[in-house]
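First comes the structure, then the notes that go with it.
The values are calculated or read from the model by the stated rules, or taken from the named source; none is laboratory data. These numbers were taken from a predicted model, which means no experiment stands behind them. Please note: Cβ atoms are built from the backbone with ideal geometry, for glycine as well, and neighbour counts cover all protein chains shown.
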Amino acid sequence: MVGESIPVETDIVVIGAGPGGYVAAIRAAQSGFDVALVEKDAYGGTCLNVGCIPSKALIAAADITHDATHAEHMGIQAELDVDFSRMVGWKNNVVKQLTGGVEKLCTANGVTLIDGTATFTSETAVQIMRNGTNLGSIAFTHAVIATGSRPVELPEFPFDGEHVLSSTHALGLESLPERLLVVGAGYIGMELSTVFAKLGVDVTVVEMLDQVLPGYERDIARVVRKRAESLGINFHFGEGAQGWESTGRGVRVFTESDDGDQSEYEADRVVVAVGREPVTDTLNLGAAGIETDDRGFIPTDKQTRTVAERIFAVGDVVGEPLLAHKASKEGEIAADVIAGEAATFDSRAIPAAVFTDPEICTVGMTEDEAENAGLDPVVGRMPMRASGRALTLGETDGFVRIVANGSSGTVLGAQLVCPDASELAAELALAIETEATLEDIATTVHTHPTLTEAVMEAAANARGEAVHTLNS
Ligand SMILES: Cc1cc2nc3c(=O)[nH]c(=O)nc-3n(C[C@H](O)[C@H](O)[C@H](O)COP(=O)(O)OP(=O)(O)OC[C@H]3O[C@@H](n4cnc5c(N)ncnc54)[C@H](O)[C@@H]3O)c2cc1C
């Protein structure tokens, strides 16, 4: 139960109940502190309400829809009847179960939940506002800022939830559009495009740069783009969205290339997915003596401490990578440091998944990054077409690649683009974390037939010992 009155003082106030904030709050309460967790919107934050969870639920439902009608080669002919409103109901229920779980876990651990917006009034106090009412001040010994991020709004495309949608609006749609234009082929744009294309929507993507998933290596992006095109997604690269107008039925979006070529596209709605920005505008950081950097993020040290000694910051609000598990890890570290432990954040083994088709997951260094660090890397690769399990799934696009230190064999990084890449990467994150070697992975017996064998084979390939692929 969320309390109506607020404490006058507490050991720790945590601002924001996303995966950074609620994990910090629970961890700190488990260490014996009095903790107040303040949330202005919904427990679970972006991740549970309008991010990871609803998007992955819709991706799962879209996959079933698509696979059911694309299995003729297996002798399966299905007639499909998709009730999108029930799909949405199911997705909302998944969200509800998880957000309810967060509230229960917090209260069961003794965390005081406060509905409201927290604003610093000094380095040791926050004021809480709810619906325009001042609920009073909480004096704290320590604070953890975990206020997250929100979608970037382009000046020419203010979000209205009807014509111009953010990712939040797109995940909340209650009926399927016939035609959708997506601005931005980053990970959120690509995940949403894939979902809607699999549900039968005619999807067009406009991207200013020259590939999908800018920032990812080209051979990875190529696999995803090819599959996306086979789903019917139309891409227009090298075009920036300039503006839009209503057509009565939908939208007409205007774009321009670097050379000044202009184009226009019509759709029922346009989704703008061009990045996310930190949320600090409700915090009055100046009162706490904290300044943001030139991108608006809150600078912190390796222990997640801000320039104000008793105030910590975790998650999206402190910068890249904007990922839920990174936010949670930082939340744990903040709580542990406050409890007097010598914990530090190490970004070496933070995996990053994109739930496209096929999935991507990267962890640690790429070959280029290892070379730039002067490490003389060795690389092993396993194409999924050589995996027995991938063949039995009918999913043979992509590969697993492992980068290791050439002299010691220590695993430095991995890039996976294949079915279940997000699951397979866990073994590689553990390898990096524990400084395991290619030999450790290659000589560990992996279950047959599974996709995990591809990890073992890639490690063996890097050692010139692969059996199921040719060693290069
Ligand atoms: C469509 C989409 C898909 C995603 N998919 C993935 C994925 O598959 N995997 C992954 O790892 N990440 C994913 N992410 C990113 C992930 O959601 C974020 O990295 C994560 O939620 C960050 O957690 P956080 O705790 O830092 O902030 P948030 O989850 O953003 O939570 C911050 C909370 O603070 C509250 N708040 C803000 N200001 C105040 C204030 N002054 N007072 C009180 N409360 C306040 C907000 O209301 C919010 O609830 C996705 C994001 C989106 C948008």
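Is one or more of the residues making up the stretch 19-41 over 18 Å from Ala334 (Cβ atoms) and more than 17 Å from the chain's Cα centre (by Cα)?
yes
Could you check the stretch 164-233 for helices (runs of 4 or more DSSP H) lying wholly inside it with 3 or more residues that are in contact with a helix residue (DSSP H, G or I) (Cβ under 7 Å, 6 or more places away or on another chain)?
Where helices (runs of 4 or more DSSP H) fall fully within the stretch 164-233 and carry at least 3 residues being in contact with a helix residue (DSSP H, G or I) (Cβ under 7 Å, 6 or more places away or on another chain), they are 167-171, 187-198.
Kindly indicate whether any position in the stretch 235-254 is within 16 Å of the ligand (Cβ to nearest atom) and either in contact with a strand residue (DSSP E or B) (Cβ under 6 Å, 6 or more places away or on another chain) or assigned by TED's automatic domain parsing to the domain that holds Phe84 (or both). Even if it seems obvious, please write down each step before you answer.
In the first step, residues of the stretch 235-254 are kept if they are within 16 Å of the ligand (Cβ to nearest atom); the result is none.
No, the stretch 235-254 contains no residue that is within 16 Å of the ligand (Cβ to nearest atom) and either in contact with a strand residue (DSSP E or B) (Cβ under 6 Å, 6 or more places away or on another chain) or assigned by TED's automatic domain parsing to the domain that holds Phe84 (or both).
Take Ala327 and decide whether it is in contact (Cβ under 8 Å) with a residue 12 or more places away in the chain, among the hydrophobic types (A, V, I, L, M, F, W, C) and either under 24 Å from Ala221 (Cα atoms) or in contact with a Ser or Thr (Cβ under 7 Å, 6 or more places away or on another chain) (or both).
no
Consider the stretch 280-308. How many of its residues are more than 13 Å from the ligand (Cβ to nearest atom), of a type outside the set (A, V, I, L, M), outside any strand (DSSP E or B) and under 19 Å from Ser122 (Cα atoms)?
Residues meeting the conditions: 6.
Give me the residue from the stretch 24-53 that is outside any helix (DSSP H, G or I) and more than 13 Å from the ligand (Cβ to nearest atom) and, out of that set, surrounded by the most Cβ atoms within 10 Å (Cβ to Cβ). Let's see the steps before the verdict.
Here is the first cut: in the stretch 24-53, the residues outside any helix (DSSP H, G or I) are 31-44, 51.
Now narrow it down to the ones that are more than 13 Å from the ligand (Cβ to nearest atom): 31-35.
Working: Ser31: 16, Gly32: 10, Phe33: 19, Asp34: 17, Val35: 30.
Ranking the candidates gives Val35 first.
Conditions tested, residue by residue: (1) free of Cβ contacts under 8 Å to residues at least 60 places away in the same chain; (2) within 24 Å of the chain's Cα centre (by Cα); (3) under 30 Å from Arg385 (Cα atoms).
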| site | (1), (2), (3) |
| --- | --- |
| Glu229 | yes, yes, yes |
| Ser246 | no, no, no |
| Gly250 | no, no, no |
| Ser257 | yes, no, no |
| Val270 | no, yes, no |
| Val274 | no, yes, no |
| Arg295 | yes, yes, no |
| Lys302 | yes, yes, no |
| Val307 | yes, no, no |
